[in-house]
1. What do you reckon, how do Val201, Val81, Val191, Val166 stack up by accessible area (1.4 Å probe), largest on top?
2. Report the rotationally averaged projected area of the range 59-179 based on its alpha-carbon convex hull, in square nanometres.
3. At what distance in angstrom do the alpha carbon centres of the range 134-153 and the range 184-263 lie from each other?
4. About the Cα centre of the range 92-145, what is the dipole size in debye to 20, counting +1 per Lys and Arg Cβ and -1 per Asp and Glu Cβ, all else neutral?
5. Give me the percent of accessible area attributable to carbon and sulfur for the range 139-271, probe 1.4 angstrom.
6. For the charge dipole of the range 243-303, defined by +1 on Lys and Arg C-beta atoms and -1 on Asp and Glu C-beta atoms about the Cα centroid, which residue among Phe289, Ile299, Ser257 has the Cα displaced farthest towards the positive pole?
7. Where the only charges are on Cβ atoms (+1 Lys, Arg; -1 Asp, Glu), what is the dipole of the range 215-285 about its Cα centre, to the nearest 20 debye?
8. Compute the Kirkwood hydrodynamic radius of the range 152-231, taking the inverse of the mean of 1/r over all pairs of distinct Cα atoms, and give it in Å to one decimal.
Amino acid sequence: MPALTIVRRLVLTPHAHSSKFRVAPGSRRVPALIHRQLTTAVATASIPDNQADVSTKPTSIMHWPKIYLELGKFRLSGLVVATTASGYFMGSAPFDSELFMYTLAGTSFAALSANTFNQWYEVANDSKMGRTMKRPLPSGRISRNHAFAVGLTQAIAGPALLTTMVNPLAAGIAAGTIVLYAGVYTPLKVVHPINTWVGAVVGGLPPLIGWAAATGSIDIQGALLAGILYSWQFPHFMALAHYCKKDYLAGGYKMLSDKAAAAVSLRHCAALIPMSVAAPYLGLTSWAFGAESLVINTIFMYYGYKFYQHPNIPNARQLFRTSLWQLPLLLACMAIHKQTGVDTGELINHPPLLSVHDMLPHLCILPRF
């Protein structure tokens, strides 16, 4: 209902049976109670219908699923799943679509769980930050106990699915990401800037989940994929933290100073160049990828250098936006130029650093039901 209509009804409709609302003829004074009602009516009318009351009972079957996805930061979880898919594709020879889907499903549960626990732990901090105060927990759309139960269910389901349908190595790495992200990275955010390094390790593990799912082992090629994702995290998140600095300070999070953060970003932009060139050297891709990666990473480094020279908000935002297309393009080029044996069609593998046989020598792969 428009605010003007509400005001007219309150002013023009007399409350004949209540002496509280009677105004003496000629009086210009409006009783305080009427004034408060008018103020409340206008304020309520100005709130969009979909935001007027977050405590109303759910009327749609998608009410809780949407909240669970918000708790799990579905966009960030989507990035985790996408990089897991990249690791699986690069490690698979031949490509097993069924195993691929089980890998993505298990990883999705693990990623959603880690982010749900993160929000459960940080509800007090999120309520102080403009960009997070409308999340499900600070806004009161879900209780802490409910959110914890959701996170725990996902934390059990993800590694369990990977163990039974993929392999224990992939499940172990996925479980490790939950523990590192929710149990180490999240508490460290209000303690020391080293939290970013722990978070970067977590961000580098998803392609290793995919690689382990496809090969049953971890070798230098899989470790290279994880290293590329590890270094990408720094320019991405240092830039984000810079132009959201006021929010982070309000939330009590410990971050590097402007110049130090920009220097770390630049170092890791530079590190991506030799790591990407190492992919064809190790037989993971053809040399065409090496040439393409030089162009992509040089552009990325240019914006990293601009941010280092002048660590201001425009340069931070530019570096952050560049990171959003740099990683997908780099991984797409890598997939296009994936190197396989000429005669056998199999991936050119190196001796594994860790395999399922090392973890469970008498049980390589659990039966798939």
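The values are calculated or read from the model by the stated rules, or taken from the named source; none is laboratory data. Just so it is clear, the structure is predicted and the values come from calculations on it, not from any experiment. Here the Cβ is made from the backbone with ideal geometry for all residues, glycine too, and neighbour counts use every protein chain on show. Heavy atoms of the whole protein, side chains included, go into the accessibility calculation; ligands, DNA and RNA do not. Shrake-Rupley method; radii C 1.70, N 1.55, O 1.52, S 1.80 Å.
1. The most accessible residue leads, giving Val191, Val201, Val81, Val166.
2. 8.1
3. Rounded to whole Å, the Cα centres lie 25 Å apart.
4. The calculated dipole for the range 92-145 is roughly 520 debye.
5. The nonpolar share, carbon plus sulfur, comes to 70 percent.
6. It is Ser257, whose Cα lies furthest towards the positive end.
7. Working: 5 positive and 3 negative charges, 60 e Å.
Dipole of the range 215-285, to the nearest 20 debye: 280 debye.
8. On the way: mean 1/r = 0.0767 Å⁻¹.
Value: 13.0 Å, from the Cα pair sum.
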